[in-house]
Each structure stands twice: as C-alpha cells, then as structure tokens.
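Take a look at the structure below.
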Amino acid sequence: MYLSPRHAEIIQMAKDHGRVLVDDLATHFNVTPQTIRKDLNDLCDQRLLSRIHGGALFPSGIENMEYEARRKIAADEKEAIGRAAARLIPDNASLFINIGTTTEAVSKALLDHEGLMVITNNINVANRMRIYPSIEVVIAGGVVRGSDGGVVGEAAVDFIRQFKVDYAVIGASAIDHDGALLDFDFREVKVAQAIIANARHVILVSDQTKFERTAPVRIGHLSQVNTFITDRCDIASVRKICQEAEVQLIETSLG
C-alpha cells in the first residue's frame with residue numbers, strides 16, 4: 001500500500017501519541033484543516049486510523065490497543081480526570097482501583113492522601129502506591145495479564161467479593177451511546193462487575209475518546225455508577241442517562 005510522505009508521517013504520529021488532532025496537524029504541515037480532514041478520511045477509509053471528533057485514533061477497528069499506546073491517548077485529559085476523582089475521595093477511605101490507564105491516573109493523584117486502604121487488581125497501581133506508608137495496598141490474586149499487569153480471572157473475582165468498600169474507581173474500553181460500558185476481555189469484565197457490586201460509591205473515569213470506540217463485552221450500564229468523570233461529554237443520550245439516573249457528571253474541561 002502506497003502512502004504519501006504526509007500520510008506516512010500522520011500514521012507515525014498517531015502511532016507515537018495514540019491520536020492526532022486536525023488543528024495540530026494543520027499547524028505541523030502548514031496546510032488547511034480541510035486538507036488534513038481529507039487526509040484523515042482517506043486513512044480511515046483504508047482502516048489505518050479510526051476517526052474521532054476533531055481527529056483520529058491509532059489503530060483502527062475494534063482491536064484493543066497496546067497498553068503504552070493507550071497511556072499516550074489523551075494523557076493530559078486523564079491527569080485532569082485523575083485529579084478530579086481524587087478530590088472526591090477523602091482521607092481514611094477504602095477503595096477499589098480497577099485496571100486501566102485512567103484509573104492509574106487516579107492512583108497517581110491519590111498519593112498525598114492519608115489512611116487509604118486500596119484494593120486493586122492492577123499491578124501498576126499496587127507498585128506505585130505500595131511505597132507510601134500512609135496507604136495500605138491489598139492486591140488481588142489471579143492470572144496476571146502480561147499486556148498491562150492486570151490481575152483477572154475467577155480467583156480475582158472471589159478475592160474482590162470479600163470486601164465492601166467506600167469507593168470504586170473503574171474505567172471502560174468503550175462507552176456506547178446507549179450507556180453500555182464495554183470492554184474486550186470477559187475475565188476483566190467479571191472482576192469489574194464484582195467491584196461495582198461491592199462498593200458504596202462507584203466512580204467511572206473515562207476520557208471522551210471512549211465514546212468513539214467499541215468493544216464486544218458488556219461490563220454494565222452507566223446508570224449503575226454514582227459519578228462519571230470525563231474531560232467532555234458531547235453525547236446527548238449519555239447526558240440524558242446521567243440526568244435520569246441521577247449520575248453526577250463531572251467534565252474537567254469545563255472547570
């Protein structure tokens with residue numbers, strides 16, 4: 001497949017950063033936004049990128065992205081979401097933190113808290129938080145997924161069910177416009193469902209790119225959470241679900 005030099009560079013930039021934005025590319029290549037939109041549409045037609053509002057994601061399709069690539073997508077937005085979630089969690093609270101790059105951003109923002117008990121199936125979260133003496137870290141047992149350090153499987157589910165905590169911090173690989181929360185690995189979904197069922201207050205953290213993705217396994221529904229923190233929600237049906245189900249919607253880009 002032949003790619004023009006500009007198209008090849010756009011693909012490489014998307015691969016490096018997880019996503020590309022029209023305005024940034026127009027400035028980088030010194031061309032009009034209309035030209036970049038045509039470039040992105042052409043690359044998406046070839047299934048090399050996946051179109052989102054204002055830009056495109058790498059890779060295309062419904063395949064899950066490599067973990068490091070996902071870390072780079074909306075990294076600043078995830079940090080802001082993490083800080084907003086941390087503000088909701090008081091000192092001396094007990095909480096679950098699930099697998100995901102955005103939930104990891106929450107764990108980073110919680111490091112100045114005192115007296116936390118953190119139960120997690122995310123090795124990256126446990127490794128970050130374990131060195132802080134004011135935080136007690138409890139890690140689930142089970143199969144460790146090599147791609148991202150997530151602990152999944154029935155053993156992890158049984159472990160989670162031993163607890164009833166104040167807060168749960170969960171993510172999702174995709175959020176459907178009908179409010180369905182979706183993921184790729186049914187083993188991870190079972191753990192997420194156990195976490196939701198055993199927390200008094202569930203906080204969903206997800207940047208707006210998740211509205212543009214899809215995944216095959218259903219975790220649950222947006223109406224099952226208490227607070228939804230995102231950078232921006234432009235999906236009218238999602239906003240309506242939050243309003244009708246009394247889900248607190250926090251948009252960090254507006255504050």
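The values are calculated or read from the model by the stated rules, or taken from the named source; none is laboratory data. Not measured: the values here are computed from a predicted model. SASA here: full protein model, heavy atoms, side chains in, ligands and nucleic acids out. Shrake-Rupley method; radii C 1.70, N 1.55, O 1.52, S 1.80 Å.
Observations
- When both bridge partners sit in the range 40-191, DSSP labels roughly 45% of those beta bridges antiparallel.
- Split the accessible area of the range 89-158 by element, probe 1.4 Å, and carbon with sulfur accounts for 53%.
- DSSP-defined beta bridges in the range 181-255 - what % are antiparallel, rounded to 5: 30 percent
- Here the range 83-141 and the range 166-196 have alpha carbon centers that stand 18 Å from each other.
- Taking every protein chain into account, the accessible area of the chain amounts to 46 square angstrom per residue (probe 1.4 Å).
- When you work out D = kT/(6 pi eta Rh) for the range 144-255 at 25 °C and 0.890 mPa s, using the Kirkwood radius from C-alpha pairs as Rh and the Stokes-Einstein form, the result is 171 µm²/s.
- Once C-alpha pairs closer than 8 Å and six or more residues apart are averaged by separation and normalised to the residue number of the chain, the relative contact order reads 14 percent.
- Amide H partners (placed H, <5 Å) of residue 249, local residues excluded: 228
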